[in-house]
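Below: one structure, written as structure tokens.
The values are calculated or read from the model by the stated rules, or taken from the named source; none is laboratory data. Since we're looking at a predicted model, the values are computed, not measured. Using ideal geometry, Cβ is built from the backbone for each residue, glycine included, and neighbour counts are taken over all protein chains shown. Heads up: the accessible areas ignore ligands, DNA and RNA and are worked out on the full protein's heavy atoms, side chains in. Shrake-Rupley method; radii C 1.70, N 1.55, O 1.52, S 1.80 Å.
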Amino acid sequence: MKIAMASSEAAPYAKSGGLADMVSSLSRSLIERGHDVRIFLPAYRDSLPPDAQELPVRLKVRWGDSFQEKFSVFRAASGSLECYFISHPLFSGRGGIYGEHAYAPDPDNHYRFSLFSHMLLEFLSRTSWIPDVIHCHDWTTGLIPYLVSMKQRSLFPETASVMTIHNLAFQGGFSRLDTYGMGIDPETAHGLPPEHQNLLALGIIHADWVTTVSPTYALEVQRPEYGFGLDALLRSRKECFSGIINGVDYRVWDPQTDSLIPQRYGPDSLEAKQLNKQELISRCSLSDREDLPLIGMVSRLAEQKGFMELVNGTHSPLEEMLKVLPMQAVIVGTGDARMEKRLRELDGQYPQLSVVIGFSDGLAHLVEAGSDFFLMPSRYEPCGLNQLYSLRYGTLPIVRRTGGLADTVIDMDSESATGIVFDELTPEGLFEAVSRAVHLWHEDRTMYTTMQLRAMAQDFSWNSSAETYEAVYTGIRRNI
Ligand code: GLC
């Protein structure tokens with residue numbers, strides 16, 4: 001099948017989170033299965049690789065009476081991945097993906113990404129490569145299913161569309177006044193209730209199939225608590241909506257071959273993991289206490305990730321843990337300024353805590369390899385990738401039972417345990433989960449090691465999920 005992946009992010013070119021990894025690794029896996037996959041991205045100021053080549057076409061997109069924009073397209077390859085960059089000053093003239101500052105999105109993003117969608121379809125319609133499926137990722141590409149099914153069917157008579165939700169909290173809202181400039185018909189716009197006035201809802205309404213990135217999240221988002229106003233819409237589409245767990249690219253995330261960690265190891269050489277712990281302890285200037293379990297976190301510092309609950313208040317659960325439990329912790333991340341400040345304060349107060357505000361791939365790999373446990377207390381988690389990396393690194397995940405976390409980690413109460421799973425995101429719930437982990441490590445090393453080996457043996461490679469996407473594509477392919 002010819003599959004166009006439309007996304008605002010794809011590794012290695014433009015990445016702010018797991019979306020970028022998912023798009024590239026799913027594409028690679030589909031290519032290995034014999035499909036013809038092309039990724040389409042905006043050409044942000046810093047995303048074009050030096051070897052990208054501009055295609056010799058002059059392109060123009062227009063809609064309505066007065067909207068007309070010129071654009072160009074670049075092409076680059078990274079291994080088997082073929083990527084097309086749509087270039088327009090609204091992208092190439094600014095830094096960052098959603099804005100110069102990751103946590104302050106540009107106010108015209110609904111317009112920028114609508115324009116991207118128009119330009120992408122215009123480019124496709126001018127080539128001989130008309131996809132069988134356009135797979136759209138998140139709100140930034142939500143206009144595409146609408147355009148294909150309502151406005152451009154004659155150009156794409158056999159093209160089906162899939163809308164994948166990676167995070168329902170981001171929807172790309174617009175006002176009725178914006179719709180003309182975005183190329184949305186007034187009748188369509190007027191028919192939308194206020195909670196559906198966003199690009200993600202348009203994608204959900206018009207796509208031939210909707211997916212999200214884990215089976216549990218697919219159920220959760222149909223309930224008001226997790227639905228961010230779109231639960232009723234998702235319920236109305238439940239016959240064409242499924243949850244497919246993300247795979248891991250084990251070429252990048254496997255401690256037996258990882259080139260970013262000081263000491264490689266596997267199930268047969270688990271003792272070598274210890275050298276990574278020593279390196280992590282010394283790199284983060286923690287006191288040299290290998291006799292304490294080390295709990296790692298690598299995360300965006302965002303409300304979604306449960307940081308508020310972890311660090312807020314005068315007796316926050318994190319402080320309580322550091323005071324009472326024999327453990328150390330390392331937290332790596334950037335994000336919400338209030339949380340960064342609070343974490344810096346705690347770092348100054350507790351020698352057993354090390355906080356690194358920032359992100360580096362190397363450090364993320366070292367935290368996975370060098371920690372004994374990996375904490376993810378998310379409020380909600382569509383899939384989550386770090387817990388999957390942790391499993392492979394024998395770093396037992398401590399996770400809240402939600403979304404993809406609930407689907408991939410099995411609690412230590414079970415015979416087939418691979419981690420610690422807890423329900424309540426409260427100070428008590430958090431404290432108890434971490435304290436169970438710390439006690440396990442100190443008091444039952446045999447069980448801890450058995451769980452590590454079981455975790456490392458889990459297979460979350462793309463094989464079965466890519467096959468499931470393939471079945472979705474096949475099921476919706478338009479047969480004329
Ligand atoms: C988003 C979600 C995360 C998911 C990722 C890739 O970042 O928050 O749970 O793993 O997308 O699908």
Label-point separation, ARG344 to THR426 (7 Å along Cα→Cβ), nm: 3.4
What trypsin sites (Lys or Arg not before Pro) in segment 15-90 are in a loop by DSSP, with at most 11 other Cβ atoms within 10 Å of the Cβ? ARG58
Just to be sure I understand the model, the point goes 7 Å from the Cα along the line to the Cβ. What's the resulting ARG436 to GLU467 distance in nm? 3.2
Dipole of the chain [Lys/Arg +1, Asp/Glu -1 at C-beta], most positive-end residue of PRO427, GLY183, GLY227: GLY183
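Please find the FRET efficiency linking GLU32 to LEU453, where r is the Cβ-Cβ separation and R0 is fixed at 25 Å, and quote it to the nearest 0.05. Could the numbers behind the result be given before it?
Numbers: r = 28 Å, r/R0 = 1.13.
Using R0 = 25 Å, I get an efficiency of 0.30.
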Treating only the Cβ of Lys, Arg, Asp and Glu as charged (+1, +1, -1, -1), what charge dipole size does segment 351-425 show about its Cα centre? Round to the nearest 20 debye. 220
Work out the charge dipole of the chain with +1 on the Cβ of Lys and Arg and -1 on the Cβ of Asp and Glu about the Cα centre, then indicate which of ALA104, THR418, SER72 is farthest towards its positive end. SER72
Report the gain in length on full extension from ALA337 to GLU158: 0.36 nm times residue separation, minus Cα-Cα distance, nm rounded to one decimal. 59.7 nm
Send over a whole-number figure in Å² for the accessible area per residue of segment 267-456, probe 1.4 Å. 37
Among PRO194, LEU325, SER154 - extreme Cα towards positive end, dipole of the chain, charges at beta-carbon: SER154
Quick calc, the chain, dipole around Cα centre from Cβ unit charges on Lys, Arg (+) and Asp, Glu (-), nearest 20 debye, gives 1400
Mind pulling the angle between the C-alpha long axis of helix 18-32 and the longest principal axis of the chain? Nearest 10 degrees, somewhere in 0 to 90. 70
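Cα gyration tensor of segment 267-456, axes a ≥ b ≥ c as square roots of the eigenvalues: rounded (a/c below 1.5), prolate (a/b > b/c) or oblate?
rounded
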List the trypsin sites (Lys or Arg not before Pro) within segment 146-188 that DSSP assigns to loop and that have no more than 10 neighbouring Cβ atoms inside 10 Å. none
Neighbour-limited loop hits for GluC sites (Glu not before Pro), segment 16-125 (at most 12 other Cβ within 10 Å; DSSP other than H, G, I, E, B): GLU100
May I ask for the angle, rounded to the nearest 10°, between helix 462-476 and the longest principal axis of the chain, with both axes built from Cα atoms and the value confined to 0 to 90°? 30
Around GLY142, which amide H atoms from residues at least 5 apart in sequence, or from another chain, sit under 5 Å from its own amide H, with H modelled in the peptide plane? none
Virtual spin-label span in nm between HIS101 and LEU275, 7 Å along Cα→Cβ: 4.4
Around GLN458, which amide H atoms from residues at least 5 apart in sequence, or from another chain, sit under 5 Å from its own amide H, with H modelled in the peptide plane? none
With r defined as the distance between the Cβ atoms of ARG58 and GLU82 and R0 fixed at 22 Å, what FRET efficiency is calculated, to the nearest 0.05? 0.50
One quarter of the convex hull surface, Cα atoms only: what value does that give for segment 1-160 in nm²? 9.2
Compute the label zone of GLU195 within segment 146-184: residues whose backbone N is under 19 Å from the point 7 Å along Cα-to-Cβ. 165-176
Net dipole in debye of segment 267-456 [+1 Lys, Arg Cβ; -1 Asp, Glu Cβ; about Cα centre; nearest 20]: 460
